[in-house]
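Right, one structure below, let's go through it.
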Amino acid sequence: MRAAFPDFRLGKVLATSFTGTLSERHGDAVERIPTPHRLVDWLAVNGLAVDSCTNAQLDLARELRESLHAAATAAAIQDALPASAVQVINDCSAQGRAAAILTPEGKRQWRLSSPSCVEDALSVIAADAISIIAGERDGKLALCASPTCQAAFFDTSQSRTRKWCDMNTCGNRQKKARFHANQRKTLRSAE
């Protein structure tokens, strides 16, 4: 991985992890794929290694990311899906050449065309989002309770009551804020 970039926020769900490459959308936004090489890194970490990436492909990836975020957010609040977002997701899903393969360990893995290209990887991400938004997977879309984040995430917890997109960042930050507020309240009461 290349140094001097923010860490990736990796989750278990490909599509919502991809939307997390732009975090803190309602605060000081953090772009986690600012360069084509960084997108190559993110794809490799997520099992979608590609040979290279151009600026145009990075732009396409960001367009897909924002479309996924818009559609997932709408689905999470049970609103109508934005037609333009649906179109981008469908176009990306249709243009790639990727195949699901079964590993000897019984896991699904994606095989991209040869040579691997970004469009193939984006088609896998789009297909993952389609299965989530269409309700084909066990879980529910929700929005992060952090006022600066509000990222869409796929809640697969048993109770489906998860509040944070990532407990190590948003959840921890909110717990710290509550703790410090309670500390201040306790100090004021003691005076």
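The values are calculated or read from the model by the stated rules, or taken from the named source; none is laboratory data. Keep in mind that what you see is a predicted model, and the values were worked out from it rather than measured. Don't worry about glycine lacking a Cβ; one is built from the backbone with ideal geometry, like all the others, and counts go over all protein chains shown. Note: areas computed on protein heavy atoms with side chains; ligands, DNA, RNA excluded. Shrake-Rupley method; radii C 1.70, N 1.55, O 1.52, S 1.80 Å.
Take the residues of region 100-122 that are in a strand (DSSP E or B) and not aromatic (Phe, Trp, Tyr): which is least open to solvent (accessible area, probe 1.4 Å)? Lay out the reasoning, then the answer.
We begin by selecting, within region 100-122, every residue in a strand (DSSP E or B); these are 100-102, 108-112.
Now narrow it down to the ones that are not aromatic (Phe, Trp, Tyr): 100-102, 108-109, 111-112.
Working: Ala100: 61, Ile101: 43, Leu102: 134, Arg108: 156, Gln109: 93, Arg111: 140, Leu112: 24 Å².
That would be Leu112.
Can you tell me which residues in region 1-22 are modelled with pLDDT under 75, surrounded by fewer than 17 Cβ atoms within 10 Å (Cβ to Cβ) and under 17 Å from Phe154 (Cα atoms)?
Result: Leu10, single match.
Before we move on, is Ala29 of a type in the set (Gly, Ala, Ser) and without any contact (Cβ under 8 Å) to a residue 40 or more places away in the chain? Explain how you work it out, then say what you get.
On the way: of a type in the set (Gly, Ala, Ser): yes; without any contact (Cβ under 8 Å) to a residue 40 or more places away in the chain: yes.
Taking the combined requirement at face value, the residue satisfies it.
Assigned to a helix (DSSP H, G or I) and within 17 Å of the chain's Cα centre (by Cα) - does that describe any residue in region 50-59? Spell out how you get there, then give the answer.
Applying the first criterion (assigned to a helix (DSSP H, G or I)) to region 50-59 yields 55-59.
If we keep only those that are within 17 Å of the chain's Cα centre (by Cα) as well, we get 58-59.
Within region 50-59, one or more residues are assigned to a helix (DSSP H, G or I) and within 17 Å of the chain's Cα centre (by Cα).
Got at least one residue in region 78-99 being loosely packed, with under 12 Cβ neighbours inside 10 Å, under 24 Å from Thr148 (Cα atoms) and aliphatic (A, V, I, L, M)?
Yes, the conditions are met somewhere in region 78-99.
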